[in-house]
Protein chains: 2
Amino acid sequence: MPRFYQSVTTDIVIFTIEESILKVLLIKRAKEPFKDQWALPGGFLTENEEPEKAAIRILKDKAGVSNIYMEQLYTFPGSGRDPRGNVITIAYFALVPRSRIEIQETAKAQTPIFRSVKKLPDIAFDHNRIITYALKRLQSKLEYTNAVYSLLPKYFTFNQLQNAYEIILSRKLDKRNFRKKFFQLGLIKLTKKIHRGERQRPAKLYQFKLHRPAELKKFF
Amino acid sequence: MPRFYQSVTTDIVIFTIEESILKVLLIKRAKEPFKDQWALPGGFLTENEEPEKAAIRILKDKAGVSNIYMEQLYTFPGSGRDPRGNVITIAYFALVPRSRIEIQETAKAQTPIFRSVKKLPDIAFDHNRIITYALKRLQSKLEYTNAVYSLLPKYFTFNQLQNAYEIILSRKLDKRNFRKKFFQLGLIKLTKKIHRGERQRPAKLYQFKLHRPAELKKFF
DNA sequence: CCAAAAGTGTTGACTGTACACCCATGT
DNA sequence: ACATGGGTGTACAGTCAACACTTTTGG
């Protein structure tokens with residue numbers, strides 16, 4: 001059987017919540033094709049590099065974060081991606097609390113920004129399709145995993161938690177039912193800390209028991 | 001950024017039900033590495049071939065089927081797959097009713113056989129891992145899609161349907177509850193055909209309304 | 001008439017959903 | 001004192017799970 005070689009890239013959909021909006025990290029492409037257009041951070045696999053390693057490397061290089069929720073999304077065919085021939089891309093998605101992101105100096109030339117997933121600019125390649133796919137996956141992951149832990153700071157209020165769900169699912173949830181259900185899941189625990197300083201009743205702060213992916217039985 | 005090239009393969013986990021056992025198609029490797037060991041059908045992408053096209057091609061070449069339920073499973077890294085260097089593999093899984101499979105002449109040298117997923121022989125590469133992953137995916141797909149349609153013949157009895165679920169999920173289901181729930185889903189319709197010839201009460205035959213993938217709200 | 005699988009409803013437990021008011025603070 | 005988000009319980013509806021007997025055929 002003949003052996004062929006392909007170009008393989010990874011692209012990462014990095015989600016965060018900022019100002020109550022779900023946003024995705026985009027960078028401006030420095031090179032052709034699609035020079036100066038917005039695109040997902042990504043790049044070619046280096047020689048013998050494992051795809052997941054490449055995704056972790058890119059996450060570190062562009063957003064300065066590591067050790068966050070990340071999973072493989074799908075491998076997209078290259079149709080039309082690149083004039084020079086087919087390129088397949090292994091897409092990942094990652095969740096980061098806004099506070100942990102430090103845009104790296106090396107990446108600043110590419111003017112990385114977070115854009116609302118609801119108001120995306122024109123985007124290079126088929127990255128729009130990838131983002132749509134990632135959003136669907138994220139929504140369904142909320143329903144049967146503890147993935148949110150990776151969008152929230154270490155200590156958070158129940159309302160922050162609920163807001164994350166509402167923002168991602170784009171719908172209101174009942175406060176009492178949400179608290180009841182989520183607390184029964186046993187994923188989080190009450191801490192002794194209290195969030196003060198706003199001009200209203202202080203809020204109790206919670207934290208996740210686990211800071212790594214876990215599956216649940218059921219959910220929302 | 002430098003551009004590297006990778007070898008990319010596809011492997012397909014082809015499931016079928018035969019004699020009330022869930023089985024996977026394996027072939028004997030004709031070449032090194034892992035010559036004469038059992039492996040999933042698969043192969044290198046040809047030049048500029050889209051991964052899904054390659055999977056369809058292999059399905060046709062080895063098992064003689066087309067137009068069945070198939071979806072991308074995951075892209076596995078090549079660690080240790082091939083002594084000559086890293087190879088990544090894009091894995092797919094497919095569901096075929098046993099009756100539709102015609103092992104192709106061209107493939108017979110590789111002595112393809114269906115083996116029970118519960119009693120697999122020694123398998124080349126990391127294909128065991130891929131099969132395990134595929135099985136998990138299949139089980140969860142049963143719960144929120146109509147995927148079974150692709151394991152059953154055109155006309156089938158309610159018991160065949162239930163057996164398919166029981167075999168894949170490895171647990172007994174309550175007959176009355178299963179019928180009630182499944183019928184409410186509205187995926188199948190009663191036909192006027194009747195299955196006779198066994199020495200017991202004849203069974204009504206049903207068929208799926210759709211013979212393509214569909215998502216449901218909920219399930220089992 | 002016997003063996004074997006086909007077919008059919010009801011009940012109690014549980015889960016999900018809808019809904020409104022008081023509380024603690026900062027200004 | 002008041003505005004703001006924090007925090008709490010109950011009742012009804014819908015869904016899930018357990019369970020046993022009659023029917024229809026072929027041999």
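Just so you know, all these numbers are worked out from the coordinates, no wet-lab data involved. Please read these numbers as outputs of a predicted model, since none were measured by experiment. Cβ sites come from the backbone with ideal geometry, for glycine too, and all protein chains shown count toward neighbours.
Miscellaneous remarks
- Cα centroid separation, the range B:136-156 to the range A:96-129: 39 Å.
- Average 1/r across all pairs of distinct alpha carbons in the range B:153-220, invert it, and you get the Kirkwood radius: 13.1 Å.
- Order by protection proxy (mean Cβ within 10 Å, highest first), peptides A:126-132, B:46-52: A:126-132, B:46-52
- Candidates per trypsin sites (Lys or Arg not before Pro) in the range A:42-127, loop by DSSP, up to 15 other Cβ within 10 Å: A:84, A:118, A:119
- Within the protein assembly as shown, DSSP assigns beta bridges of which about 75% are antiparallel (rounded to the nearest 5).
- Of all beta bridges that DSSP places with both ends in chain A, some 75 percent have antiparallel geometry.
- Whole-angstrom gap from the range B:173-205 to the range B:35-78, using each part's C-alpha centre: 34 Å
- Remark: the Cα gyration tensor places the protein assembly as shown in the oblate category, a/c being 1.5 or greater and a/b not exceeding b/c.
- Ratio Rg/Rh, restricted to the range A:26-150 and using Cα atoms, in which Rh is the Kirkwood radius: 0.94
- Counting every other Cβ atom within 10 Å of each residue's Cβ, B:144, A:92, A:206, A:74 order from fewest to most as B:144, A:74, A:206, A:92.
- Cα-based helix-to-principal-axis angle, A:51-63 vs chain A, degrees rounded to 10: 70 degrees
- 0 to 90° range, to nearest 10: angle between helix A:127-144 axis and chain A longest Cα axis: 30 degrees
- Convex hull volume per residue for the range A:101-220, taking Cα atoms only, in Å³: 166 Å³
- Label point of residue A:203 set 7 angstrom out along Cα-Cβ; within the range A:144-170, amide nitrogens under 14 Å from it belong to A:152-167.
- Isotropic mean projected area of the C-alpha convex hull, the range B:142-185 (nm²): 3.0 nm²
- Across the copies of the chain, residue B:200 has label points (7 Å from Cα along Cα→Cβ) spaced 6.3 nm apart, shortest distance listed first.
- At 1.306 mPa s and 10 °C, Stokes D of the range B:25-79 from Kirkwood alpha-carbon radius, µm² per second: 125 µm²/s
- Comment: the Cα-to-Cβ extended label point of residue B:47, at 7 Å, lies 2.3 nm from its counterparts in the other copies, nearest first.
- For chain A, the fraction of C-alpha pairs more than 33 angstrom apart is 22%.
- As a calculated quantity, the FRET efficiency between residue A:21 and residue B:106 at R0 = 45 Å, using C-beta atoms, amounts to about 0.25.
- Ranked list, fewest to most other Cβ atoms within 10 Å of each Cβ, for A:5, B:165: A:5, B:165
- The same position residue A:20 in the other copies lies at 5.9 nm from this copy, comparing label points 7 Å beyond Cα toward the beta-carbon, shortest first.
- Around the amide H of residue A:14, modelled in the peptide plane, lie the amide H atoms of A:25, A:94, all under 5 Å away and 5 or more residues distant in sequence or on another chain.
- J(HN,Hα) series, the range A:191-199, from Karplus relation 6.51 cos²θ - 1.76 cosθ + 1.60, nearest Hz, glycine and proline x: 10, 8, 6, 9, 8, 10, x, 8, 8
- Crossing angle, helix A:175-185 versus chain A [Cα axis fit, 0-90 degrees, rounded to tens]: 80 degrees
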